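Q: I am attaching a structure below and will ask some questions about it afterwards.
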Amino acid sequence: MYRGGFIAYFSLLLIMPLLVGACGGKEIKPVSAEAKLAQEAFALSETLRKAYLDNDSSTLERNCTKDGYKELAGDIKPFDRAELTFTPTWVEIKDSSVYLTISWQGTWSAMTRVTEERGQAIFVMEGMPLKLARVQRANPFREPE
């Protein structure tokens, strides 16, 4: 019985270096600059969504360019309650701008009226850190119409 334990222990000592060597062979690739920029764009869109739903104009202003905030603030309509989801579908990086295509769906309650809408918007982001410069196509911040 002692001999069986010795063989198992000895076999384990022989196999262990092989297992450790096999697991350590793959190198983790660093995240590319483009991937980091895309992640930052996703995070910014989520920050803007939450700030809009909370009617937090100071957070919106901090995360927009000066002209972007003027445009955004002029588009926002009053609402009592809203639900809004963003689904990023495409990211394009051109020069110093990031174009984030978002599919959005929302429900707004204003007074006794409930409005449901959906659309696709392109958030144009610029700067470091990224800030919203403008919204192209169906702007979810213009709802409820």
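Coordinate-derived values only; no laboratory data. These numbers come from a predicted model, not from an experiment. All Cβ positions, even for glycine, are placed from backbone atoms using ideal geometry, and neighbour counts span all protein chains on display.
Q: Once both labels are modelled 7 Å past Cα along the beta-carbon direction, what's the Q39-E145 spacing in nm?
A: Inter-label distance under the simple model: 3.7 nm.
Q: 7 Å from Cα along Cα→Cβ at both V114 and K94: what's the point-to-point distance in nm?
A: 4.0
Q: Given +1 on the Cβ of Lys and Arg, -1 on the Cβ of Asp and Glu, and no further charges, what dipole in debye does the stretch 32-142 carry about its Cα centre, rounded to the nearest 20?
A: 160
Q: Simple spin-label model, 7 Å along Cα-to-Cβ: A73 to T101 in nm?
A: 3.2
Q: Do any of K50/K131; K70/K94; K36/K94 go past 22 Å between their Cα atoms, and which?
A: Distance filter (> 22 Å) returns K70/K94.
Q: A further question on this structure: With no solvent and one point per C-alpha, what does the Debye sum give as log10 I(q)/I(0) for the stretch 64-103 at q = 0.17, 0.23, 0.24 Å⁻¹?
A: -0.72, -1.01, -1.02
Q: Assuming 0.36 nm per residue, please report the length gained on full extension of the stretch V31 to D80 beyond their Cα-Cα distance.
A: 13.5 nm
Q: So, one more: Compactness ratio of the stretch 32-142: Cα Rg over 2.2 N^0.38 Å, N = residue count?
A: Working it through for the stretch 32-142, the quotient is 1.04.
Q: On to the next question. State, as an integer percentage, the relative contact order of the stretch 32-142 based on alpha-carbon contacts under 8 Å between residues 6 or more apart.
A: 26
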